[in-house]
1. Could you compute the FRET efficiency for Ala99 and Ile54, with r as their C-beta to C-beta distance and R0 at 25 Å, rounded to 0.05?
2. Evaluate the distance, in nm, between pseudo-label points positioned 7 Å from the Cα of Gln112 and of Tyr139 along their respective Cα→Cβ axes.
3. Testing the spin-label approximation: label points 7 Å from Cα along Cα→Cβ at Ser68 and Tyr87. State their distance in nm.
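Throughout, read-outs are computed from the coordinates displayed, never taken from laboratory work. In this text the structure is predicted, and so the values were computed from the model without any measurement. Note: ideal-geometry Cβ built from the backbone for every residue, glycine included; neighbour counts use all protein chains shown.
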Amino acid sequence: MSDHNSMKESRIEKVFLSERFMAFVCVFMVAAGLVSLAFCLVERDSFETFALLIKLVTAVAMFQAFRSFKWDAAKGLLGGVLFCLMYQDAHLALAKLWAEQDFDAYLIAGVQGSLFLAGAGMNLFMTVIITVNHFFINYSTRGNPKNVIFNRIALVFKFAVCVLLIAANSRLGFSSSLHWARSMQYLMDIALLMLVACLEAQFDSFNALRQELKRQKQERKTEK
């Protein structure tokens, strides 16, 4: 049973360590981002357009830096991408829905509106956790393996929340261009999360922490 689990884990690791998979995810993210950008231009939302452009350019630059073996630049740009993501999530959850009291329109929409509001808040919370953990994992002198686990859980949870937001968004009674802009944006975020997972799996600091975690796990088994 343990051998089967280790083989399954090894296959998952190989997927995230594949540069072809990383390239595919990056291309998918750019495609979704460009479609979302087109719909943002139709909606004439200047902030969304600007934020999307910054996130898109930073993400592509991050991937190119990694491909050029510029590890520190890739790590720095990865942090920049996460800050872009956090700023965009905060603008929706805090500025648009809370400060402008736009949440009334979502509450009237019923269950799907309430799910969208809850999802927007959780989305921001998970982005903050992932961003903080990124710096703990990649820049701390003595990394804590627990941060790696916490970061993985947050990535998976944010992935699920993005899927929830896409489903809830499609049921809201707003313009079709806004539906498409948001859906493409969340698809882009899903691809971005996968790219973050791939890049962190490649970095030496993440691999060192993973080995330390395995060593601690083996020691606990031996003690038992």
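1. Details: r = 21 Å, r/R0 = 0.85.
Result of the calculation: an efficiency of 0.70.
2. Here the modelled spin labels are 4.1 nm apart.
3. Those two pseudo-labels are separated by 2.2 nm.
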